[in-house]
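S.K.: Below is the structure I would like to discuss, written out as structure tokens.
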Amino acid sequence: MLKNIKFLSVLGCVFLVQLGYAKMSTAIVAGGCFWCVQADFDKLKGVVKTEVGYDGGTTLYPNYKQVSQGKTDHLEVVKVWYEDDVLGYAQFLNYFFKHIDPTVKNGQFCDLGEQYQSAILYENDGQKAAAQAVVDNMKNYLNKPIYTQLRPSTMFTPAEEYHQKYYLKNPISYGFYRWQCGRDARLKEVWQ
């Protein structure tokens, strides 16, 4: 009898734990400096986790030195885990666009080079179709060419630990970097 009670208790706990978890999805985006993109997404309701890294290229085990110098075909990216019932993929992408300048080719703000190009790295055909619809809407909204790329995710590689949550670890240097690049001032111009 005691074994049955323990089994039912464990089963009940497992059931309650499962009820407490929402369905999670992931999205991968590039918007210039990954420190800035991570800081922006960490503020969005429904986001559970973010991680900076590299994606979109073919080099195995890329690192910051290689990517930042343009020696690979990877982009600096942020992978975002979010709750589906709080934040849909299209809503996620609309937020992303409001935090980049999609009218710039081969860079973002003070970061120049293809490795800093804005992009949506889709993980499946559903994400690709949704991303294309959002890009088309942005073209109509801005009435300008949009250079944000749609690219397949090739393999997300996390960046080195010192880059993770850089804005929290180094708030003064991060704040100065963001201001010096003119990111927020330019965003106001683009999205007024």
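The values are calculated or read from the model by the stated rules, or taken from the named source; none is laboratory data. None of these values were measured; they are calculated from a predicted model. Here the Cβ positions follow ideal geometry from the backbone for every residue, glycine too, while neighbour counts run over all protein chains shown. Quick note on the areas: whole protein, heavy atoms, side chains included, nothing else; ligands and nucleic acids left out. Shrake-Rupley method; radii C 1.70, N 1.55, O 1.52, S 1.80 Å.
S.K.: Keeping every protein chain in place, order Ser118, Ser25, Ser173 by accessible area at 1.4 Å, biggest value first, i.e. largest first.
M.R.: Working: Ser118 0, Ser25 25, Ser173 55 Å².
So the residues, ranked largest to smallest area, are Ser173, Ser25, Ser118.
S.K.: Determine, for the stretch 100-192, the count of lysine pairs separated by eight or more sequence positions (or lying on different chains) whose alpha-carbon distance falls under 23 Å.
M.R.: Value for the stretch 100-192: 8.
S.K.: Give the carbon-plus-sulfur fraction of the accessible surface of the chain in %, rounded to a whole number; probe 1.4 Å, heavy atoms of protein chains only. It would help to have the intermediate numbers written out before the result.
M.R.: Numbers: 6220 of 10710 Å².
Here carbon and sulfur together make up 58 percent of the probe-accessible area.
S.K.: Then there's this: Go through Gly46, Val78, Leu112 and say which Cα lies farthest out towards the positive end of the charge dipole of the chain; charges sit on Cβ, +1 for Lys and Arg, -1 for Asp and Glu.
M.R.: It is Gly46.
S.K.: Heavy atoms only, 1.4 Å probe, whole protein assembly: order Asp55, Asp111 by accessible area, highest first.
M.R.: Working: Asp55 0, Asp111 25 Å².
From most accessible down to least: Asp111, Asp55.
S.K.: Let me ask something additional. Cα extents of the chain along the three principal axes, largest first, in whole Å?
M.R.: Cα extents, longest axis first: 70, 37, 34 Å.
S.K.: Further, regarding this structure: Per residue, what accessible area does the chain have, given a 1.4 Å probe and all protein chains present, in Å²? If you can, show how the numbers build up before the last one.
M.R.: Numbers: 10710 Å² over 192 residues.
Result: 56 Å² of accessible area for each residue.
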